[in-house]
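Single-structure report; data block below.
Just so it is clear, none of the values below were taken in a lab; they were calculated from the coordinates. Just so you know, these numbers come straight off a predicted model, no measurement behind them. Positions of Cβ are generated from backbone atoms using ideal geometry, with glycine treated the same way; all protein chains shown enter the neighbour counts.
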Number of protein chains: 2
Amino acid sequence: MRIVVFGGDGFCGWPTSLHLSNLGHEVKIVDNLSRRNIDNELECQSLTPISTISNRIQTWKEISNKHIEFENLDIATEYCRLLDLLTNYKPDAVVHFAEQRAAPYSMKSPKHKIYTVQNNLNATHNILCAIVESGIDIHLVHLGTMGVYGYTTSGMKIPEGYLDVEIPSESTRLKSRILYPASPGSIYHMTKTQDALFFQFYSNNDGLRITDLHQGVVWGTNTKETNLDERLINRFDYDGDYGTVLNRFLMQSAIDFPLTVYGSGGQTRAFIHIQDTVKCIQLALENAPKSGEPVHIFNQVTETFRVRDLAELVAQLTGTPVQRVDNPRIEADENELEVENEKFMKLGLDPITLSEGLLMEIKQVAEKYSHRCDKDKIMPKSKWRN
Amino acid sequence: MRIVVFGGDGFCGWPTSLHLSNLGHEVKIVDNLSRRNIDNELECQSLTPISTISNRIQTWKEISNKHIEFENLDIATEYCRLLDLLTNYKPDAVVHFAEQRAAPYSMKSPKHKIYTVQNNLNATHNILCAIVESGIDIHLVHLGTMGVYGYTTSGMKIPEGYLDVEIPSESTRLKSRILYPASPGSIYHMTKTQDALFFQFYSNNDGLRITDLHQGVVWGTNTKETNLDERLINRFDYDGDYGTVLNRFLMQSAIDFPLTVYGSGGQTRAFIHIQDTVKCIQLALENAPKSGEPVHIFNQVTETFRVRDLAELVAQLTGTPVQRVDNPRIEADENELEVENEKFMKLGLDPITLSEGLLMEIKQVAEKYSHRCDKDKIMPKSKWRN
């Protein structure tokens, strides 16, 4: 297949691009390098020493003899260039990672709220609009988030995108399949629930073929391909804005910094290893919807854990103490979370479990690069409400 | 109350501003005059000869001795000026009409899709973000649309914003009150469904007090206040993009142009007279939610009609023939529509019915200004799919 990866320089986008290239697909990365610019703004760097995009691509060429194209393009603001790209490159599929993806960053200030809304909504809409205008039959695979569901405490298992409900009315009980009612917990998550409405509309009105992947919290750093050479290494964020909970714990344990649990730590979250992320994108691309089919929605998660249990697991493995800090988020202190993930399991996903991968991740990444850590960046600074 | 009316120069905004001013409220209109600029783009004018905003305000001062302030400001792009305005003016409430509001215009071309998405979503989000940043307790009243519901054929009565559903699960049947599942029929309608998610989030996260009004198709032109002087006259659109169905029929009958029914005309729509619109805004302002209450959602409609029945009614009154044309929209050919509107009825709305107001509208507006009609602009030109 010929595939464009929007956001192909990012944490999920880069290993996905390599994985798809390694499978023999023709890959073009489109990225405005915004995540590297945000590193500048936050005065923080990936724990791992990531190379420039040109070095990454050059290294991949040396190692695999496969060429990945790259174009620096802001799809949220450069619609005409985006349309030209689709018209000239004629991809079979595009993978869309090109959104601001940190909940704390999206809540940092009015400027960050507005940036997240503008960037994410315009990026997604421009892709959809350009696919229609190009007239090319392109399958869109979009990285969504488990956060569109909100966090249930009802004990119900969260289905994959659609919910079967019954509507009691005067004479009868109507049955209906609806998009799972959105309950986002941050500006970032909210934009993903609004993306879902873009997809529903363009699928219905224009017959676009769309797959939306509701991903859990990603952990781990490297994949089979990024492990081949240090110049291919993937990003590892540990700061209060971009560091996701488990990677933060791993890095904290590596530098003997207490494991910071927000609030009671009673929040249950869904997780997936980055190696499984790239496999899921592959499976989604290989199993595209037909024109006229509703949007495919998959839950891209493999395990669920309560945050305080994760902290205790890491504490046991490493001897690092746990420290409770005020929760900067507005959310329930405790929640259950059960998630269906049968669709990917049936397609052949063979998950990496935390118990297998955790120690390796600590030794090969967190400890190895711990000298690069800036401890001042660890604590949360973005608050959900002033 | 001190009230800002965003979009206060438009079809609903202008009569609302006068109505609120007449009630003794302090009113400030904020508008970027985009609707007048779109007249230039479409090479079409209001059938009624509307005055400039300065003449309108000057006339109102002469007649009522009441002053309405005006500021030309694009709230979708000028966040800092918007924030300054809230901080300095300190309104008790803002009414938000400042969105591109024609479904056909939003489907005209990629440029128009992108404009509608950018303008509507950024405008709504900027208002919400600025209210939070201002720290002032401001009630937001937003004009939504019945189109967020889609058009049901199930025989169910559409509730006011929220739907009570039951979710069958293994052991029990969970009951839940959810936002009515969105099913928008155009890019314009889609932005309003995305607005609803903005409101839900800012209500939950920041405790903002928000009222969302799902309005039907507005008919009629003038209100008590705009009728006081011809220089206060309201806009009347009849063109293929902005002309809503009933006003289009009235104008067609006035110039003996066949009444153009799209498709079978079997679509049932909800209607409301412009005089009732301004009354509803008043009622919404007087009955604000308390902080912490979920978003208030009202259906702002008074009657429902099937389009072909409306055409026949106008044909009987005026002798103008009916003509079927291809439907440019993608929608069901026939639909039922029953809508709850008890909330406004209980608050004292006393609706103007079609049977009372129709003939007056034909004589006092459509016939009086029929010499201003450009017949080339009547037929629909925007298609939902190429």
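Observations on the model:
- Hits among lysines - C-alpha to C-alpha of B:K375 under 24 Å, sequence gap 8 or more where chains match: B:K108, B:K363, B:K383
- Dividing the mean sequence gap of close Cα pairs (under 8 Å, 6+ apart) by how many residues chain B holds gives a relative contact order of 20 percent.
- Other residues lying with their Cβ under 12 Å from the Cβ of B:G243 contribute a combined charge of 0, Lys and Arg counting +1, Asp and Glu -1.
- Nonlocal amide H pairs with A:N335, under 5 Å, H built at 1.01 Å: A:Q267, A:T268
- At full extension, A:R81 and A:L317 could sit 80.0 nm farther apart than now, given 0.36 nm per residue minus the alpha carbon distance.
- Label zone at B:Y162, where the point sits 7 Å out along the Cα-to-Cβ direction: the stretch B:282-305 residues whose backbone N lies under 20 Å: B:284-301
- Restraint check, A:K192/B:K290; A:K66/A:K368; A:K28/A:K279; B:K192/B:K377; A:K192/B:K343; A:K28/A:K61, Cα-Cα greater than 23 Å: A:K192/B:K290; A:K66/A:K368; B:K192/B:K377; A:K192/B:K343
- Across peptide A:129-138, the average count of Cβ atoms from other chains found within 10 Å of a residue's Cβ is 2.
- Theoretical FRET efficiency, 1/(1+(r/R0)^6), r = Cβ-Cβ of B:R177 and A:I63, R0 45 Å, to 0.05: 0.20
- With Rh defined as the Kirkwood radius, the inverse of the mean 1/r over Cα pairs, the Rg/Rh of the stretch B:187-337 is 1.04.
- In the protein assembly as shown, the C-alpha radius of gyration followed by the widest Cα-Cα span (Dmax) gives 27.5, 89 angstrom.
- Normalised per residue, the volume of the convex hull around the Cα set of chain A (Å³): 140 Å³
- If you run the Gaussian network model on chain B, springs between alpha carbon atoms under 10 Å, then out of B:M107, B:M251, B:M360 the most flexible one is B:M360.
- Starting from the label point of B:G319 at 7 Å along Cα→Cβ, the same points in the other copies fall at 10.2 nm, in ascending order.
- 7 Å along Cα→Cβ, label-point gaps from B:S176 to other copies, nm, shortest first: 1.4
- Expressed in Å, the radius of gyration and Dmax of the Cα atoms of the stretch A:313-372 are 16.6, 42.
- Per-residue shielding of B:186-196, expressed as the average number of other chain Cβ atoms within 10 Å of the residue Cβ, stands at 4.
- For the stretch B:1-80, projected area of the alpha-carbon convex hull averaged over all directions, nm²: 5.8 nm²
- Cα centroid separation - the stretch B:95-112 against the stretch A:59-106, whole Å: 29 Å
- Label distances, nm, B:K381 versus same residue in remaining copies, Cβ-directed 7 Å point: 5.2
- Between A:G24, A:G13, A:G240, the Gaussian network model of chain A with springs among Cα atoms under 10 angstrom shows the greatest mean-square fluctuation at A:G24.
- Helices of chain B meeting both criteria, an alpha-carbon length of 30 angstrom or more along the long axis and an average Kyte-Doolittle score not below -0.5, with helices taken as full DSSP H segments, are B:110-134.
- Geometric descriptor of the stretch A:63-164, per residue, is 187 Å³ (volume of the convex hull of the Cα atoms).
- Around B:R173: net Lys/Arg minus Asp/Glu count, Cβ-Cβ under 9 Å: -1
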